[in-house]
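**Q** The structure that follows is given in the form of structure tokens.
The values are calculated or read from the model by the stated rules, or taken from the named source; none is laboratory data. Note that the coordinates shown come from a computational prediction; the quantities given were computed from them, not determined experimentally. Every residue, glycine among them, receives a Cβ derived from its backbone with ideal geometry; neighbour counts consider all protein chains shown.
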Amino acid sequence: MVARISKADLFATQQLLVVALVALPLLTDQGYRPLDAIDPARTGHMVLLIGGVSSVGFVASRLLGAGRGLVVTGVVGGMVSSTAVPLAAATSACACCA
């Protein structure tokens with residue numbers, strides 16, 4: 001399994017860890033004016049959530065194959081967020097086509 005991990009996979013994992021452990025704690029939990037419409041902490045949590053669902057889908061597809069990995073991604077993502085699943089699926093579909 002370790003031999004199949006590419007440098008790009010390792011770099012993506014490191015990026016997700018940096019967002020989770022470094023960037024997210026630095027974000028404020030106060031909205032920006034006007035109307036306090038943008039909350040940096042909530043935006044950071046959503047970025048981390050979508051990245052996490054995408055990572056789970058990637059690992060599941062590597063371990064279980066493309067078909068079963070997609071099912072696992074849908075189930076796990078559906079339990080967490082109905083918004084994160086389509087975004088993660090669209091991202092992986094664009095990556096497959098390019």
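**Q** I need every pair where a residue in region 13-41 that is without any contact (Cβ under 8 Å) to a residue 60 or more places away in the chain and within 20 Å of VAL53 (Cα to Cα) has its Cβ under 6 Å from the Cβ of a residue that is among the hydrophobic types (A, V, I, L, M, F, W, C) and not in a loop (DSSP other than H, G, I, E, B), sequence separation at least 6 or different chains.
**A** Correct list of pairs: VAL19/LEU48; ALA20/LEU48.
**Q** Let me ask something else. Which is within 18 Å of the chain's Cα centre (by Cα), modelled with pLDDT of 85 or more and of a type in the set (S, T, N, Q), of THR91, THR83, THR13?
**A** It is THR13.
**Q** Just to verify a result, which residue in region 18-32, among those that are among the aliphatic types (A, V, I, L, M) and loosely packed, with under 10 Cβ neighbours inside 10 Å, is farthest from VAL59 (Cα to Cα)?
**A** Pass one, region 18-32, residues among the aliphatic types (A, V, I, L, M): 18-24, 26-27.
From the residues that got through so far, the ones that are loosely packed, with under 10 Cβ neighbours inside 10 Å too are 21-22, 26.
Details: LEU21: 21, VAL22: 23, LEU26: 28 Å.
Among residues in region 18-32 that are among the aliphatic types (A, V, I, L, M) and loosely packed, with under 10 Cβ neighbours inside 10 Å, the one farthest from VAL59 (Cα to Cα) is LEU26.
**Q** Follow-up question, since we're still on this one. Please go through region 1-37 and give me each residue that is in a helix (DSSP H, G or I) and of a type in the set (Lys, Arg), ordered by number.
**A** Our first condition is that a residue be in a helix (DSSP H, G or I); within region 1-37, this holds for 2-4, 7-26.
Of everything in region 1-37, those that are in a helix (DSSP H, G or I) and of a type in the set (Lys, Arg) turn out to be ARG4, LYS7.
**Q** Restricting attention to region 40-79, report how many residues are surrounded by fewer than 16 Cβ atoms within 10 Å (Cβ to Cβ) and either among the aromatic types (Phe, Trp, Tyr) or outside any helix (DSSP H, G or I) (or both).
**A** Residues flagged as surrounded by fewer than 16 Cβ atoms within 10 Å (Cβ to Cβ) and either among the aromatic types (Phe, Trp, Tyr) or outside any helix (DSSP H, G or I) (or both) within region 40-79 amount to 1.
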